[in-house]
Every structure is written in C-alpha cells, then in structure tokens.
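Below: one structure, written as structure tokens.
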C-alpha cells in the first residue's frame, strides 16, 4: 500500500488514514490507489468489523489534486478513478468518517460514502467544484440526505458549512472537540461491534435498498434482506444470552 494511505487494525476496528498532510490530503494517483488497497483489505478481513476513515494534519481531505488534474488534463473521471463505497466497490461492513478538518469537494464525497460521520468542531464541509469548473455528478445522492434548497446553495455558491450546520442538516452524526474525534469514532465502532454482525450488515443493506423507493417496496426489500437474519444462529443466541444474563457470543452465522 502507498505511504499516502495508512492502514492499522486491532480489536475489530480498521483505521484508514489519508497521509498527505502537506497537500491537505489532496487525492493524487498514489493516494487513490492506496484507498483501493485499503478498502479491499478491510472487506476481505473477517476479523475487522468496522472501518474508520480519517486524515493526518489540519485537513481531512481537500479533494482531488488539481495540480495533477492540470497536468493530465483529465475530463470526466473514469468509473474506477476513486473507490466509492456502494458504487464501484462493495464494502458490506460499517464505515465511519472521522473528520478532523476541512472536507472539500472529493473530501466531501469520501464523507458522503461512509455510513456515519464524526466531525471536529472546527471541521468545514464544502462542494467547491463550481469554483474550479469541475462537475459533481456524485452529489446526486445528497437529495436523500440534505433538503433541496440547502443542497442547491451548497452546490451553487461553493461556500463551506460548519460542522454544526452539517450536524443540524443530518449529514454529521456527532460534533466533538478536535482532540476527541478519533475517540468518539472508536466509541461508535465499539458499540457497533457489540451488536450482532448479521443484523448490523443487514441494517446497512436495508437503508441503502430502501432509499428512493416507495414505502411498500422498501418494506418488501427489507423482508428479503432480514429473512436469513431471523433464521440465523445468532437470532437464537441473543435471546438465550439474555435469559442466562450473559453477553452474547456472536458467530456471524
């Protein structure tokens, strides 16, 4: 894996760190390749239950490396340009963005693709493509996350919003002191790990499947997704552990 992306794991948690602080973690070719490797490594390791994505330095991610773009004169990025969870790479386990600083353009996209988000009080979020003439087709899913008029203002003005504003809009789960971002992300990860892995994975799949569907179609999809969960060994283990007044021993089966 490239040095621009660090990977560490332990206790069921994988931490993927953007490591190009001198360039505000701008996504150059080496970093993009490192992210492909990191996400594949996480998904293939059964011991790791949750991934946390964060950045080194004062910025989370400033977006795509525009200097590299200017050199390559790239137009529309190819489908495999950047690993985007749920689009061109499958990651079935929970992911948390731990936003330590600015998340602009492609940095916003990295946060958007994660399941949960913890942000520092000083973090800022922006989709700045209007200022550099680039497109942001990837922002389309935000219509399910941010009110349309607020989204249009974000897209058309390219002005950043605060972590608190992002929290008020429902884009961020928790806003904490800058020194507490990773601790809060790890706390969330630990609570997820305490739950039954099949239920957690099915919950993630259900929300994705129900987004944009009618209520009836969403319920039908959810029934199919949760059918094997109800029939699993863990569905028996949970009530048994409750009766015996002990922590459950999840098998993931």
Identify the residue in the range 130-143 that is in contact with a helix residue (DSSP H, G or I) (Cβ under 8 Å, 6 or more places away or on another chain) and part of a helix (DSSP H, G or I) and, among all such residues, is farthest from residue 24 (Cα to Cα). 143
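Suppose the filter is free of Cβ contacts under 8 Å to residues at least 60 places away in the same chain, under 22 Å from residue 11 (Cα atoms), in a helix (DSSP H, G or I) and touching a helix residue (DSSP H, G or I) at 6+ places or on another chain (Cβ under 8 Å); does residue 183 pass it?
No; evaluated as a whole, the condition is false for this residue.
Assess whether residue 101 counts as being touching a helix residue (DSSP H, G or I) at 6+ places or on another chain (Cβ under 7 Å) and either touching a residue at least 60 places away in the same chain (Cβ under 8 Å) or buried (at least 22 other Cβ atoms within 10 Å of the Cβ) (or both). Reasoning before the result, please.
Numbers: touching a helix residue (DSSP H, G or I) at 6+ places or on another chain (Cβ under 7 Å): no; either touching a residue at least 60 places away in the same chain (Cβ under 8 Å) or buried (at least 22 other Cβ atoms within 10 Å of the Cβ) (or both): yes.
When the stated conditions are applied, residue 101 does not pass them.
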Is it true that residue 200 is in a loop (DSSP other than H, G, I, E, B), closer than 24 Å to residue 92 by Cβ and touching a residue at least 60 places away in the same chain (Cβ under 8 Å)? no
Need the failing condition index for residue 213 against (1) surrounded by 11 or more Cβ atoms within 10 Å (Cβ to Cβ); (2) free of Cβ contacts under 8 Å to residues at least 24 places away in the same chain; (3) in a helix (DSSP H, G or I), just the number. (3)
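To keep it simple, each residue is scored yes or no on (1) in the same structural domain as residue 91 (by TED's automatic domain parsing); (2) more than 28 Å from residue 93 (Cβ to Cβ).
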site: 129; (1), (2): yes, yes
site: 140; (1), (2): yes, no
site: 176; (1), (2): yes, no
site: 182; (1), (2): yes, no
site: 212; (1), (2): no, no
site: 235; (1), (2): no, no
Scan 175, 146 and give me the residue that is closer than 15 Å to residue 109 by Cβ, in contact (Cβ under 8 Å) with a residue 24 or more places away in the chain and not in a helix (DSSP H, G or I). 146
Against the conditions (1) surrounded by fewer than 17 Cβ atoms within 10 Å (Cβ to Cβ); (2) in the same structural domain as residue 9 (by TED's automatic domain parsing); (3) touching a helix residue (DSSP H, G or I) at 6+ places or on another chain (Cβ under 8 Å), where does residue 228 fall short? Just the number, please. (2)
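Filter the range 11-22 down to residues that are out of contact with any strand residue (DSSP E or B) (no Cβ under 8 Å at 6 or more places or on another chain), on the phi < 0 side of the Ramachandran plot and surrounded by fewer than 18 Cβ atoms within 10 Å (Cβ to Cβ), then give me how many there are.
Filtering the range 11-22 for residues out of contact with any strand residue (DSSP E or B) (no Cβ under 8 Å at 6 or more places or on another chain) gives 11, 20, 22.
Add one more test, that the residue is on the phi < 0 side of the Ramachandran plot, and what stays is 20, 22.
Restricting the remaining residues to those that are surrounded by fewer than 18 Cβ atoms within 10 Å (Cβ to Cβ) gives 22.
Residues that pass the stated criteria total 1.
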Let me confirm something: among 163, 222, 158, 196, which residue is more than 17 Å from the chain's Cα centre (by Cα), under 27 Å from residue 60 (Cα atoms) and either crowded, with 17+ Cβ neighbours inside 10 Å or in the same structural domain as residue 109 (by TED's automatic domain parsing) (or both)? 158
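Could you tell me whether the range 29-38 includes any residue that is within 30 Å of residue 168 (Cβ to Cβ) and under 10 Å from the mean Cα position of the chain (by Cα)? Can you show your working first?
We begin by selecting, within the range 29-38, every residue within 30 Å of residue 168 (Cβ to Cβ); these are 35.
Imposing the further condition that a residue be under 10 Å from the mean Cα position of the chain (by Cα) reduces the set to none.
No - not one qualifying residue is present in the range 29-38.
The values are calculated or read from the model by the stated rules, or taken from the named source; none is laboratory data. Remember, predicted model here, so these are calculated numbers, not experimental data. We place every Cβ from the backbone using ideal geometry, glycine too, and count neighbours over all the protein chains shown.
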